[in-house]
Amino acid sequence: MDEYSVTDRTVGLDVGDRETYCCILDAEGEILEEGRFRSTQKGLAGRFSGMPRSRVILEVGGMSPWMSRDLAAFGHEVVVANSYQMGRIYQGQDKTDRKDAETLARLGRADPKLLRPLQHRRRSVMLDRGLLHAREILVRNRVQLINHVRGVVKTVGARVPSCGSAQFAKKAGSAVPEELRSALDPIVATIGHLTDQIRSFERQIQAVAKERYPETELLRAVHGVGDLTAFAYVLSIDDPHRFAKSRDVGSYLGLRPGKHQSGAKDPQLRITRTGDPQLRSLLVQCSNYILGPFGQDSDLRRFGLRLIERGGRFARKRAIIAVARKLAVLLHHLWTTGEVYDPFYNANRCEAAA
């Protein structure tokens, strides 16, 4: 049986924050009906709960997870279109909600694979990812406040001692000049409170990972991968078996160079940066640690150092991305096979072959 079954009706939904535009096509591609409904669970149920089974196309977005689940519960075939792919299709000077809904319906009727359909994560996983997002927001706010304090202190000729973000509130308390205390003391206190909240989230992440995601322990065996990265990796991938090969994970996370080949031209492009930006950032941080002064000797570190030794203007940056990509592939392989991490697997295999 094909991945997408044949239905008599194809429905395109252009989802808005308040209203969703709907376009329904029949088997011949003629418009049966157009209209709007409220972008709520009640509005969706009123429009689709009694409708005959149809193929419903909607673009990925903030409301697509619950909409896709509800539509599937009503018995419809649901296709969630990749927003990056739709950005290319929508290019033009004449764009309206009505035409967007019709475009989605016609593409879904012709071949849903043109939309590069996505698979939403399980609801429980999405809820647990809230811990990661909450921590990330607090970290970003703390960085902004720290930069503000350092910048203001410099204007009067003083400096806050160099230290990590977690120790900033303690170090900055005594370094703030007297004339700036009324303006900066509340901010320093807020930084200290944010640090406490960040640590609280990290403890929650460790507890949830240990209780619900035991596979994170297998991933933490890789030197440089901590609780946060292992947790983010498992929650972002969700189902490791949806990738035919471990190598596909590097592309999924946007860590491979883009392609724009035409005839004899094949320029070298930047990485695509698709997928989960938070996980990609964490993998790059792990790569920096692996290639840094405190990184332990391993196949990954040797691979990255060889790339750096080749030289070039951006040799180190390219090496960091390449190691991050290999790390993503390695973690997926360990997860799916259950193998114990061997930091010198490739080196030992080459020695055995020799």
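Label 7 Å along Cα→Cβ of LEU114; the stretch 52-73 residues with amide nitrogen under 19 Å?
From the stretch 52-73, the list is 55-60.
Once you place label points 7 Å from the Cα toward the Cβ at GLN261 and GLN296, how far apart are they in nm?
Result: 4.0 nm between the two label points.
For SER64, SER281, give me the order by solvent-accessible area with a 1.4 Å probe, most accessible first, ignoring ligands, DNA and RNA. Walk me through the intermediate numbers first.
Working: SER64 5, SER281 55 Å².
So, going from the largest accessible area down, we get SER281, SER64.
Assuming 0.36 nm per residue, please report the length gained on full extension of the stretch ARG69 to HIS333 beyond their Cα-Cα distance. Each step should come with its number before you reach the end.
Working: separation 264, 0.36 × 264 = 95.04 nm, distance 2.98 nm.
Working it through step by step, the gained length comes to 92.1 nm.
Quick one: ranking ARG325, ARG306 by accessible area, 1.4 Å probe, largest first, what do you get? If you can, show how the numbers build up before the last one.
Numbers: ARG325 75, ARG306 135 Å².
Most to least solvent-accessible, the answer reads ARG306, ARG325.
Taking all protein chains together and a probe of 1.4 Å, list THR274, THR229 from the most accessible to the least accessible. Don't skip to the answer; put the middle values down first.
Working: THR274 50, THR229 10 Å².
Most to least solvent-accessible, the answer reads THR274, THR229.
Under 19 Å from a point 7 Å along the Cα-to-Cβ line of ASP342: which residues of the stretch 290-325 have their amide N that close?
297-303
Roughly how many Å is it from the Cα centre of the stretch 31-85 to that of the stretch 277-323, as a whole number?
Using only Cα atoms, the two centres lie 43 Å from each other.
With the contact rule set at Cα under 8 Å and sequence spacing of 6 or more, what percent relative contact order holds for the stretch 166-229? Don't skip to the end; give the middle numbers.
Details: 26 pairs, mean separation 17.0, N = 64.
Reported relative contact order: 27 percent.
What does the extension gain come out to for ARG53 and HIS148, with contour length at 0.36 nm per residue minus their alpha carbon separation?
Details: separation 95, 0.36 × 95 = 34.20 nm, distance 5.64 nm.
Going from the current span to full extension adds 28.6 nm.
Extending each Cα 7 Å along its Cβ direction at ALA353 and LEU127, get the distance between those two points in nm, one decimal.
Label-label distance for ALA353 and LEU127, simple model: 4.8 nm.
Accessible area per residue of the chain at 1.4 Å probe, in Å²?
Values: 20380 Å² over 354 residues.
Roughly 58 Å² per residue, with all protein chains present.
Multiplying the sequence separation of GLU28 and LYS99 by 0.36 nm and subtracting their Cα-Cα distance, what value in nm do you get? Before the final figure, lay out the partial values.
Details: separation 71, 0.36 × 71 = 25.56 nm, distance 1.81 nm.
Gain on stretching GLU28 to LYS99: 23.7 nm.
Suppose every K and R has +1 on its Cβ and every D and E has -1 on its Cβ; what is the size of the dipole of the chain about the Cα centre, in Debye to the nearest 20?
Working: 55 positive and 41 negative charges, 283 e Å.
Taking the Cα centre of the chain as origin, the dipole is about 1360 debye.
Can you pull the Kirkwood radius for the chain, inverse mean 1/r over Cα pairs, to one decimal in Å?
Numbers: mean 1/r = 0.0416 Å⁻¹.
About 24.1 Å for the chain.
How big is the accessible area of PHE74 in square angstrom, nearest 10, if you roll a 1.4 angstrom probe over the protein chains?
About 70 Å², ignoring ligands and nucleic acids.
Using a Förster distance of 30 angstrom, determine the FRET efficiency expected from the C-beta separation of ILE137 and SER251, and round it to 0.05. Intermediate results must be reported in sequence, preceding the final value.
Numbers: r = 28 Å, r/R0 = 0.93.
About 0.60, to the nearest 0.05.
Relative contact order for the stretch 251-318: what is it in percent, counting Cα pairs under 8 Å that are at least 6 residues apart? The partial results should precede the final answer.
Details: 55 pairs, mean separation 14.4, N = 68.
Relative contact order here is 21 percent.
What accessible area, in Å² to the nearest ten, does a 1.4 Å probe give for TYR289?
The accessible area of TYR289 comes to roughly 100 Å².
What spacing in nm lies between the two simple spin-label points modelled at THR272 and ARG242, each 7 Å away from Cα in the Cβ direction?
In this crude label model, THR272 to ARG242 measures out at 1.5 nm.
Any chance you could give the angle, 0 to 90 degrees and rounded to 10, that helix 123-154 forms with the longest Cα principal axis of the chain?
Once rounded, the angle reads 40 degrees.
Over the chain, what relative contact order in percent results from Cα pairs under 8 Å that are six or more residues apart?
Working: 451 pairs, mean separation 38.0, N = 354.
The value is 11 percent.
Which residue, chosen from LEU330, LEU58, ALA169, occupies the Cα position most advanced towards the positive end of the dipole of the chain, where the dipole is computed from +1 (Lys, Arg) and -1 (Asp, Glu) charges on Cβ about the Cα centre?
With unit charges placed on the Cβ atoms, the residue in question is ALA169.
In the stretch 172-188, which residues have a backbone nitrogen under 20 Å from the label point lying 7 Å from ARG159's Cα in the Cα-to-Cβ direction?
From the stretch 172-188, the list is 172-180.
Probe 1.4 Å, all protein chains in place: accessible area of VAL225 in Å², nearest 10?
Its heavy atoms expose roughly 10 Å² to the probe.
Nearest 5 percent is fine: what portion of the DSSP beta bridges confined to the chain is antiparallel?
On the way: 16 of 25 bridges.
Close to 65 percent.
The values are calculated or read from the model by the stated rules, or taken from the named source; none is laboratory data. All figures in this text were calculated on a predicted structure; none of them were measured in a lab. Note: ideal-geometry Cβ built from the backbone for every residue, glycine included; neighbour counts use all protein chains shown. Note: accessible area is taken over every heavy atom of the protein model, side chains too, but ligands, DNA and RNA are not part of it. Shrake-Rupley method; radii C 1.70, N 1.55, O 1.52, S 1.80 Å.
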